[in-house]
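Chemist: Take a look at the following structure, please.
The values are calculated or read from the model by the stated rules, or taken from the named source; none is laboratory data. All values derive from a computational prediction rather than experimental measurement. Note: ideal-geometry Cβ built from the backbone for every residue, glycine included; neighbour counts use all protein chains shown. For accessibility, only protein heavy atoms count, side chains too; no ligands or nucleic acids. Shrake-Rupley method; radii C 1.70, N 1.55, O 1.52, S 1.80 Å.
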Amino acid sequence: MKRRDFVAKTASAGVALSLLGLYGCKDSEKKAKQANQVENEDALFFKMSLAQWSLHRTLFGNKMDNLDFAAKSRSFGLEGLEYVNGFFKDKAKEVSYLKEMNLRANSEGQENVLIMIDGEGMLANADDKERFKAIENHYKWIEAANFLGCHAIRVNLAGGVDKSEAVKASIDSLNKLSEFAKGSNVNVLVENHGGFSSNGKWMTDVFSQIENKNCGTLPDFGNFCIEKNKEGLCIEAYDKYQGVKELLPYAKAVSAKSYNFNEKGDTTIDYLKMMGMVKESGYTGFVGIEYEGEMQPEEKGIELTRDLLVRVGKQLV
């Protein structure tokens, strides 16, 4: 589907969806200011959102429904929602369901921030036929994000074998997706998420050649393993601080990955150093809390990450 087809589609059958998404976003922003947020959060240079993956064990274990995510985020005093498509994978085109997601977010004073897209194909694949199919698979999520009032979807640049060929394939995929998304208010973002995408220099090579302004990066503090062995252990890693520094010039979102904690903070990531680079880059948008540790219950891990961000944020004011 070409961009003009998307524009025509939203202008006829989808006008109501676009308007509802727009109004939902504005309403969410208004109510978010009225919600019970973390004390003194206004003093920070960024806002905090909750990445749904932080609750993946709870969600996969059917202990919480996707529609309850907004209420859960509010309970932590946060402002924004970062969805994962896998938790409502068959609902991308179900208007009534997306409308309910908007209503839940609005009622809880939450802003729909973005949708993380997984399982829709390899966008760095050198096989054009397979890659074009993957591109088309993402169109419905751009439309869903637009309906929800999200500013972005996060995609993965996976499937590449040769570095240079993967760069070309990735540029073409991102150009097509961001061109399609120009008919909406949605940005197409790439996270360092394994393989070539966890190599900061490779990502810089890709994004230095992207011209569409609605395409950028989502630097994640922890996803810098380029290759794992059969046992799942990382055997090739990229320096996380160098990687974040290289991705920040193109950033339109930031993911505060966290693992395990001691009295000083996360045991594997220097948050003061990371957030210092974020501030220096001029980024002032949402920072998504993404707890991925196993030593703490998910809710406790979210609280610890939130408190660490607040503490570090105040140091950087």
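Chemist: Hey, could you check segment 280-317 for residues that are among the hydrophobic types (A, V, I, L, M, F, W, C) and touching a Phe, Trp or Tyr at 6+ places or on another chain (Cβ under 6 Å) and say which is farthest from Glu263 (Cα to Cα)?
Modeler: Applying the first criterion (among the hydrophobic types (A, V, I, L, M, F, W, C)) to segment 280-317 yields 286-287, 289, 295, 302, 304, 308-310, 312, 316-317.
Checking which are touching a Phe, Trp or Tyr at 6+ places or on another chain (Cβ under 6 Å) leaves us with 287, 302, 304, 308, 312.
Working: Val287: 22, Ile302: 15, Leu304: 10, Leu308: 10, Val312: 14 Å.
The qualifying residue farthest from Glu263 (Cα to Cα) is Val287.
Chemist: Within segment 63-97, work out how many residues are assigned to a loop (DSSP other than H, G, I, E, B) and within 20 Å of Gly301 (Cβ to Cβ). Walk me through it before giving the result.
Modeler: So the first thing to find is which residues in segment 63-97 are assigned to a loop (DSSP other than H, G, I, E, B), and the list is 63-65, 76-79, 92-94.
Next, only the ones that are within 20 Å of Gly301 (Cβ to Cβ) stay: 63-64, 76-79.
Total meeting the criteria: 6.
Chemist: In the list Val287, Val310, Val317, which residue meets the criterion of being touching a residue at least 40 places away in the same chain (Cβ under 8 Å), in contact with an Asp or Glu (Cβ under 9 Å, 6 or more places away or on another chain), within 12 Å of Leu44 (Cβ to Cβ) and not basic (Lys, Arg)? Step through it out loud before you land on a result.
Modeler: Details: Val287 fails: in contact with an Asp or Glu (Cβ under 9 Å, 6 or more places away or on another chain); Val317 fails: in contact with an Asp or Glu (Cβ under 9 Å, 6 or more places away or on another chain).
Among Val287, Val310, Val317, only Val310 is touching a residue at least 40 places away in the same chain (Cβ under 8 Å), in contact with an Asp or Glu (Cβ under 9 Å, 6 or more places away or on another chain), within 12 Å of Leu44 (Cβ to Cβ) and not basic (Lys, Arg).
Chemist: If you check Glu303, Glu290, which single one turns out to be under 28 Å from Asn185 (Cα atoms), at pLDDT 95 or above and either within 21 Å of the chain's Cα centre (by Cα) or not in a loop (DSSP other than H, G, I, E, B) (or both)?
Modeler: Numbers: Glu303 fails: under 28 Å from Asn185 (Cα atoms).
The unique qualifying residue is Glu290.
Chemist: Whether any residue in segment 257-267 is closer than 23 Å to Met122 by Cα and surrounded by 21 or more Cβ atoms within 10 Å (Cβ to Cβ) is what I want to check. Can you show your working first?
Modeler: First, the residues of segment 257-267 that are closer than 23 Å to Met122 by Cα: none.
No; the residues of segment 257-267 include none that is closer than 23 Å to Met122 by Cα and surrounded by 21 or more Cβ atoms within 10 Å (Cβ to Cβ).
Chemist: Only strands (runs of 3 or more DSSP E) wholly contained in segment 124-240 count here; list those with 1 or more residues that are buried (at least 21 other Cβ atoms within 10 Å of the Cβ) and either out of contact with any Pro (no Cβ under 7 Å at 6 or more places or on another chain) or not aromatic (Phe, Trp, Tyr) (or both).
Modeler: Numbers: elements: 152-155, 187-191, 215-218, 225-228, 234-237.
Fully inside segment 124-240 and qualifying: 152-155, 187-191, 215-218.
Chemist: Among the residues of segment 78-120, count how many are small (Gly, Ala, Ser), more than 17 Å from the chain's Cα centre (by Cα) and open to solvent by 10 Å² or more (accessible area, probe 1.4 Å).
Modeler: Of the residues in segment 78-120, 2 are small (Gly, Ala, Ser), more than 17 Å from the chain's Cα centre (by Cα) and open to solvent by 10 Å² or more (accessible area, probe 1.4 Å).
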